[in-house]
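First comes the structure, then the notes that go with it.
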Amino acid sequence: MTEKNGDLMEKIVSLCKRRGFIYPSSEIYGGMSGFWDYGHYGNELLDNIKKLWWRNFVSSREDIYGIRTSIVMNPQVWEASGHATTFDDPMEDGQRFNVMFKTSVGAGEEATTSYLRPETAQGMFVNFKNTIDSFHPKLPFGIAQIGKAFRNEISPRDFIFRSREFEQMELEYFVREKDWEKYFQEWLEKMREFGKEIGITQIVELDVPPEDRAHYSKRTIDFEFDYPFGRKELWGLAYRTDYDLRAHSARSGTDLEYFDEETGDRLTPHVIEPSLGVDRTVLAVLASAYTEDELGGEKRVYLKLNKNIAPVRAAVFPLLKNKPELVSKAREVYLMLKKEFGNIEFDDNGNIGKRYRRQDEIGTPHCITIDFDTLTDDMVTIRDRDTGEQERVRIDDLKEKLQ
């Protein structure tokens, strides 16, 4: 890591702590390595990214079924998938260490050893038959979920990039084997579009060579990002073949074939898997958005976040907090916009300059000031985060302006 990039990482971590994005978990007790808590603004950013992914990849489509599966499953799931025997990392002494977290289910002699899931994918594969029986989908179709996963990393590091508790946005798309390349390309384009929509433009795609791919994969593309600590994997797109469904069918004794009612064919579908780590996405968004410049002769820091994921879409200020008529009008505008957009903030703490700087640091695209002229002309001053430029806008036009 260069000194410059190391400094950038420190600045991002500091901003996250100071402005309520991300804190060390259980910090008053010294924290715990590999675990992090999201503060108010971090949670809003995280939630906005997840909502956007869900809308783009799931709810806007007719062929995707969203589910939410349990974190603890029957341990045979992990034996069938191979995780129980092969999901390990090397330690310094050369021994292999399985990174799944063990847990005990039940009490006494009847207790069963199971695991906290290390990925969300298997929960979707074991619900393949349930989804078919409930919804009778036609191929191709997908199953998607967003959820927590856990890996007992030997060396968690680089802030939220490699942690022991993290969140995934994953989708298993079931296709006929002959069609896999077509749909692989479609999901590749979909992931590219999503990156642009959330403001991650500097993505490098790596076609993973056979010797480096997972054993179940016939093609994998790693989406890599230049984090301050180096180029690392951000997302993945894998062609998993029919490995998982066949493995679970063999282990469970349950028929996981797909019956085509139109042709009478029975087949085991192949799978295309777009897999996105939520926390790594948040970090890439923050690294992409972090900007230092000079405005009005003063240095400033701001997050150049896209408005569709910014924790606060707009902040509303009264020019002076000790003037009841300004505060009342500002509250009126704030509540109107709050009802429309949700993530609108009211801020009357400190002078206008300090409020601007505070909102810049959390990435708020627009600040709206109610002054004495507003009381007579129903117009407000709206300030652009990136340029600092200000313009007068009618209150009735604010909703359209913020869309």
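The values are calculated or read from the model by the stated rules, or taken from the named source; none is laboratory data. All figures in this text were calculated on a predicted structure; none of them were measured in a lab. As a convention, Cβ positions derive from the backbone with ideal geometry for all residues, glycine included, and neighbour counts pool all protein chains shown.
Meeting the requirement of 2 or more residues that are closer than 27 Å to Tyr183 by Cβ and more than 24 Å from the chain's Cα centre (by Cα), the helices (runs of 4 or more DSSP H) wholly within segment 1-96 are 76-81. So, of the residues in segment 344-359 that are under 26 Å from the mean Cα position of the chain (by Cα) and crowded, with 18+ Cβ neighbours inside 10 Å, which turns out to be nearest to Asp396 (Cα to Cα)? Ranking the qualifying residues of segment 344-359, first place goes to Ile344. For the criterion of being outside any loop (DSSP other than H, G, I, E, B), polar (S, T, N, Q) and free of Cβ contacts under 8 Å to residues at least 60 places away in the same chain, Ser249 passes. Could you go through segment 38-46 and let me know if any residue there is of a type in the set (S, T, N, Q), closer than 22 Å to Asn343 by Cβ and out of contact with any Ser or Thr (no Cβ under 7 Å at 6 or more places or on another chain). Yes; the residues of segment 38-46 include at least one that is of a type in the set (S, T, N, Q), closer than 22 Å to Asn343 by Cβ and out of contact with any Ser or Thr (no Cβ under 7 Å at 6 or more places or on another chain). The number of residues in segment 137-161 that are on the phi > 0 side of the Ramachandran plot and either among the aromatic types (Phe, Trp, Tyr) or touching a Pro at 6+ places or on another chain (Cβ under 6 Å) (or both) comes to 1. The residue of segment 293-316 that is farthest from Lys17 (Cα to Cα), among those that are part of a strand (DSSP E or B) and modelled with pLDDT of 95 or more, is Val316. Residues in segment 353-378 that are of a type in the set (Val, Ile, Thr), assigned to a helix (DSSP H, G or I) and within 14 Å of Ala330 (Cα to Cα): Thr374, Thr376. Picking from residues in segment 338-352 that are assigned to a helix (DSSP H, G or I) and without any contact (Cβ under 8 Å) to a residue 24 or more places away in the chain, the one that is nearest to Glu292 (Cα to Cα) is Lys338. Candidates are the residues of segment 212-236 that are surrounded by 21 or more Cβ atoms within 10 Å (Cβ to Cβ) and of a type in the set (A, V, I, L, M, F, W, C); the one that is farthest from Leu276 (Cα to Cα) is Phe225.
So, of the residues in segment 134-170 that are assigned to a strand (DSSP E or B) and β-branched (Val, Ile, Thr), which turns out to be surrounded by the fewest Cβ atoms within 10 Å (Cβ to Cβ)?
Checked segment 134-170; the qualifying residue surrounded by the fewest Cβ atoms within 10 Å (Cβ to Cβ) is Ile146.
Give me the residue from segment 171-185 that is within 17 Å of Leu245 (Cα to Cα) and of a type in the set (Asp, Glu) and, out of that set, surrounded by the fewest Cβ atoms within 10 Å (Cβ to Cβ). Within segment 171-185, the match that is surrounded by the fewest Cβ atoms within 10 Å (Cβ to Cβ) is Glu177. Note on segment 379-403: residues that are closer than 17 Å to Asp293 by Cα and either in a strand (DSSP E or B) or not assigned by TED's automatic domain parsing to the domain that holds Thr364 (or both) total 2. Within segment 120-133, the set of residues being crowded, with 18+ Cβ neighbours inside 10 Å and charged (D, E, K, R) comprises Lys129 only.
As a summary of the residue check, Val99 satisfies the conditions (1) among the aliphatic types (A, V, I, L, M); (2) more than 28 Å from Asp255 (Cβ to Cβ); (3) at pLDDT 95 or above except for the one numbered (3).
Take segment 264-287 and flag every residue that is closer than 13 Å to Arg176 by Cα and free of Cβ contacts under 8 Å to residues at least 40 places away in the same chain. Within segment 264-287, Asp265, Arg266, Thr268 meet the criteria. In the set (1) modelled with pLDDT under 95; (2) assigned to a helix (DSSP H, G or I); (3) not basic (Lys, Arg), Leu320 fails one condition alone, (2).
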